[in-house]
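The values are calculated or read from the model by the stated rules, or taken from the named source; none is laboratory data. Everything quoted here is computed from the prediction, not taken from an experiment. Please note: Cβ atoms are built from the backbone with ideal geometry, for glycine as well, and neighbour counts cover all protein chains shown.
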């Protein structure tokens, strides 16, 4: 059945019937102001995909939001008052309520804004038409800029002048490709106007912080199939700018191999498969992600037993290394190998340090345990404790 893009179905938006969210809307409306759900929550609800963030936009000023929320017995918290955002806590849940805004000045990274009472001003300062969609408390959709047609067509289009939207925030270059990976229909190709504007503004990417670039790349690579987006990034030299030395050849094969086996997307494995110079540093990966990145990278490109990797770390890391090895060899990954790696991660080494003491102590004990564990893994985990202890020392 064709989806209705003019009204959000309650089954796609539990927040429409949420008592706490409705209390926020009622509090602002009681003061004679407009208040709408906006952006990703509206877009995703219309597409029937999960909603992660719930944002509201209003014609009320931040001070009016504070007063109206307080009058209604809700708790307003000025989390971003300089930019018009008040977090209103209702029923133990925090809702970000932001005053309609228009950009006064931008430098490609941050904007100076002025408050407005016009929803059109607010819509025009957003990035893509599919993100400039609003819905009232009843789920009726308000579309100031024609975003519904683009959403129906799964077309990612910059609002009005693509070049100007990018100059307002250069991160929108990466967001453009990320949104294509998640929501775009690329059967007709990417928008030529958008790609031309991106090509004219690539140097702006160098002004962005590593944290912002890393967060966007992580989201992009977590999409089910970011192949087309990655190919376009490579073609426009966006990929080479944010990750010098990166190459999509292995990544495309890794994505296809995982999809063929029914495996869930793994952004970190895909990132490793792209290669590049000083990637963890350039994307400011967390220490935990950096360790996982290096483990996958070593296992994929430096050989060694993937079964041992699965046992020593976890099967997910070993599986990503296996997909990359398969891509390098241009071979088809096999479910049997995936099952073997998952099984390896569940094994329990039958020998403990106490089993070897007091005959072995200190460094000798550690070396003996390592020897026996290697032999146990090489046996396919079939050697028992007695057989392992009986093995001669090297």
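Can you tell me which residue in the range 186-196 is modelled with the highest pLDDT, limited to those that are surrounded by 13 or more Cβ atoms within 10 Å (Cβ to Cβ) and more than 15 Å from residue 238 (Cβ to Cβ)?
193
Between a first residue in the range 284-310 that is farther than 22 Å from residue 209 by Cα and a second residue that is in a loop (DSSP other than H, G, I, E, B), which pairs have beta carbons less than 6 Å apart while being 6 or more apart in sequence or on different chains?
Matching pairs, first to second residue: 295/313.
Exactly one of these conditions fails for residue 140: (1) surrounded by 16 or more Cβ atoms within 10 Å (Cβ to Cβ); (2) at pLDDT 95 or above; (3) touching a strand residue (DSSP E or B) at 6+ places or on another chain (Cβ under 7 Å). Give me its number.
(1)
For the range 199-207, indicate whether the set of residues that are touching a helix residue (DSSP H, G or I) at 6+ places or on another chain (Cβ under 9 Å) and surrounded by 21 or more Cβ atoms within 10 Å (Cβ to Cβ) is non-empty.
Checking the range 199-207: not a single residue is touching a helix residue (DSSP H, G or I) at 6+ places or on another chain (Cβ under 9 Å) and surrounded by 21 or more Cβ atoms within 10 Å (Cβ to Cβ).
For the range 68-82, enumerate the residues that are surrounded by 15 or more Cβ atoms within 10 Å (Cβ to Cβ) and either free of Cβ contacts under 8 Å to residues at least 24 places away in the same chain or under 22 Å from the mean Cα position of the chain (by Cα) (or both).
If the condition is that a residue be surrounded by 15 or more Cβ atoms within 10 Å (Cβ to Cβ) and either free of Cβ contacts under 8 Å to residues at least 24 places away in the same chain or under 22 Å from the mean Cα position of the chain (by Cα) (or both), then 76, 77, 81 are the ones that fit.
Of the numbered conditions (1) without any contact (Cβ under 8 Å) to a residue 60 or more places away in the chain; (2) closer than 17 Å to residue 274 by Cβ; (3) touching a helix residue (DSSP H, G or I) at 6+ places or on another chain (Cβ under 6 Å), residue 166 satisfies every one except a single condition; which is it?
Checking residue 166 against (1) without any contact (Cβ under 8 Å) to a residue 60 or more places away in the chain; (2) closer than 17 Å to residue 274 by Cβ; (3) touching a helix residue (DSSP H, G or I) at 6+ places or on another chain (Cβ under 6 Å), the one that fails is (2).
Kindly establish whether residue 169 is at pLDDT below 95, within 20 Å of residue 284 (Cβ to Cβ) and surrounded by fewer than 22 Cβ atoms within 10 Å (Cβ to Cβ).
On the way: at pLDDT below 95: yes; within 20 Å of residue 284 (Cβ to Cβ): yes; surrounded by fewer than 22 Cβ atoms within 10 Å (Cβ to Cβ): yes.
Judged against the criteria, residue 169 is a match.
Do you know which residues across the range 285-316 are within 19 Å of the chain's Cα centre (by Cα) and assigned to a loop (DSSP other than H, G, I, E, B)?
Within the range 285-316, 285, 286 qualify.
For residues in the range 1-36 being within 14 Å of residue 93 (Cβ to Cβ) and under 25 Å from the mean Cα position of the chain (by Cα), which is surrounded by the fewest Cβ atoms within 10 Å (Cβ to Cβ)?
Here the answer is 14.
Being buried (at least 18 other Cβ atoms within 10 Å of the Cβ), in contact (Cβ under 8 Å) with a residue 24 or more places away in the chain, touching a helix residue (DSSP H, G or I) at 6+ places or on another chain (Cβ under 6 Å) and over 27 Å from residue 260 (Cα atoms), is that true of even one residue in the range 332-355?
Yes.
Take residue 306 and tell me if it is under 24 Å from residue 199 (Cβ atoms) and either at pLDDT below 95 or crowded, with 20+ Cβ neighbours inside 10 Å (or both). Steps first, please.
Values: under 24 Å from residue 199 (Cβ atoms): no; either at pLDDT below 95 or crowded, with 20+ Cβ neighbours inside 10 Å (or both): yes.
Spelling it out, it is not the case that residue 306 is under 24 Å from residue 199 (Cβ atoms) and either at pLDDT below 95 or crowded, with 20+ Cβ neighbours inside 10 Å (or both).
Got a sec? Which of 45, 60, 123 is closer than 22 Å to residue 172 by Cβ, touching a strand residue (DSSP E or B) at 6+ places or on another chain (Cβ under 9 Å) and crowded, with 22+ Cβ neighbours inside 10 Å?
Answer to the selection: 123.
If we scan the range 91-99, do we find a residue that is within 13 Å of residue 21 (Cβ to Cβ) and in a loop (DSSP other than H, G, I, E, B)?
yes
Quick one: residue 277 ticks every box in (1) assigned to a loop (DSSP other than H, G, I, E, B); (2) in contact with a helix residue (DSSP H, G or I) (Cβ under 8 Å, 6 or more places away or on another chain) bar one, so which box is it?
(2)
Keeping to the range 236-248, report how many residues are in contact (Cβ under 8 Å) with a residue 24 or more places away in the chain, surrounded by fewer than 17 Cβ atoms within 10 Å (Cβ to Cβ) and at negative phi.
Start the filter on the range 236-248 by keeping residues that are in contact (Cβ under 8 Å) with a residue 24 or more places away in the chain, which leaves 236-239, 241-248.
From what is left, the residues that are surrounded by fewer than 17 Cβ atoms within 10 Å (Cβ to Cβ) are 237, 244-245, 247.
Pick out the ones that are also at negative phi and you get 244, 247.
Count: 2.
Every residue, every condition in (1) farther than 16 Å from residue 327 by Cα; (2) buried (at least 16 other Cβ atoms within 10 Å of the Cβ); (3) out of contact with any strand residue (DSSP E or B) (no Cβ under 8 Å at 6 or more places or on another chain); (4) in the same structural domain as residue 374 (by TED's automatic domain parsing), yes or no:
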residue: 228; (1), (2), (3), (4): yes, yes, yes, no
residue: 259; (1), (2), (3), (4): no, no, yes, no
residue: 280; (1), (2), (3), (4): yes, yes, yes, no
residue: 288; (1), (2), (3), (4): yes, no, yes, no
